[in-house]
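Laboratory data are not the source of any read-out in this text; all were calculated from the coordinates shown. Nothing here was measured: the structure is a model prediction, and the numbers come from that model. Don't worry about glycine lacking a Cβ; one is built from the backbone with ideal geometry, like all the others, and counts go over all protein chains shown.
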Amino acid sequence: MSITPRSALLVIDVQNDFIPGGQLPVPEGDRIVPLVNDLARQFKQVVIAQDWHPAGHASFASSHPSHKPYDVIQLPYGEQTLWPDHCVQATRGAELHPELNLPHAQLIIRKGCNPDIDSYSAFLEADRVTTTGLAGYLKERGIDTVYMVGLALDFCVMFSALDARAAGFNAFVVLDACRAIDLNGSLTAAIEQMQVAGVGLIHSTELL
Ligand code: VGL
Ligand code: ZN
């Protein structure tokens, strides 16, 4: 596989709250940053996804007084894992990691902005109907292949990869440029689901 002018890199949720010390830390989340920067230099087209919730978001355990973080509840669109408050719009925790170096990224797509609906995927909200517009943006630019890196592998990266495939793109996840939350077997399940969907699981050495 090789990067072409029709390839884009999607850098997913490399934000302070997902880094150790943040509100919803992904173990070793900070370790991917130098590799993400190196990979990004290989791409002309770089898109950044940013988890960007209003205060009181439906995915926050604090919005459901009888529940605690990591409980799973039923919302109108289906099952929702409840999280600690994280990536609240315009807070320090929502900012991109300070060492992320992506000066040539042309689009930052913010997701999870609807107070009632979560959005792990950078393409489709959790109601599975509302789009972020990202597929249209990429298609209008002639992109046919999307490479994904970032956090968390078993949530936002996986759902973005599945939706990239569903939208007709070739999709690759660069595993060593991701880290997982791994909640109740979510990492194993994510790998399986991506394989079934035809998402290529690759190592950064295949691109560098
Ligand atoms: C994420 C949980 C809640 C992610 C975002 O970026 O994987 N996970 N919001
Ligand atoms: Zn979130």
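See the values below:
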{"item": "Among 60, 80, 37 the positive-end extreme of the charge dipole of segment 1-90 (Cβ point charges)", "result": "37"}
{"item": "Relative contact order %, segment 1-67, counting alpha carbon pairs below 8 Å whose residues are six or more apart", "result": "36 percent"}
{"item": "Helix-derived mean residue ellipticity, 222 nm - over the chain, DSSP H n ≥ 4, -39500 (n - 2.57), to 500", "result": "-4500 deg cm²/dmol"}
{"item": "Cβ-placed point charges (K, R +1; D, E -1), dipole of segment 74-160 about Cα centre in debye, nearest 20", "result": "260 debye"}
{"item": "Residue with peak Gaussian network fluctuation, the chain [Cα springs, cutoff 10 Å], from 194, 158, 148", "result": "194"}
{"item": "Leading residue at positive end of dipole, segment 76-208 (Cβ point charges), from 164, 196, 153", "result": "164"}
{"item": "Test item: Cα-centred dipole of the chain, Lys/Arg +1 and Asp/Glu -1 on Cβ, debye", "result": "560 debye"}
{"item": "Gain on full stretching of the segment that runs from residue 140 to residue 166 - 0.36 nm per residue minus C-alpha separation", "result": "7.7 nm"}
{"item": "Simple label model, 7 Å out from Cα along Cβ direction - residue 92 to residue 75, nm", "result": "2.7 nm"}
{"item": "Label-point separation in nm, residue 205 to residue 183, each point 7 Å along Cα→Cβ", "result": "3.4 nm"}
{"item": "Alpha-carbon spread of segment 1-79, three principal axes, descending order, Å", "result": "49, 30, 22"}
{"item": "FRET E, pair residue 41, residue 66, Förster distance 41 Å, beta-carbon r, rounded to 0.05", "result": "0.30"}
{"item": "Rg/Rg_globular for segment 73-134, with Rg_globular taken as 2.2 N^0.38 Å and Rg from C-alpha atoms", "result": "1.28"}
{"item": "Principal semi-axes in Å for segment 45-170 [√(5λ), Cα gyration tensor, largest first]", "result": "26, 18, 12"}
{"item": "The chain, relative contact order in percent, only Cα pairs under 8 angstrom and at least six apart counted", "result": "24 percent"}
{"item": "Centre separation in Å (Cα based) which lies between segment 163-208 and segment 30-100", "result": "18 Å"}
{"item": "Rounded to the nearest 20 debye, dipole of segment 40-123 from Cβ charges on Lys, Arg, Asp, Glu", "result": "360 debye"}
{"item": "Rounded to 5, the percent of DSSP beta bridges in the chain classed as antiparallel", "result": "20 percent"}
{"item": "Approximate spin-label separation residue 3-residue 195, in nm, with each point projected 7 Å along Cα-to-Cβ", "result": "2.8 nm"}
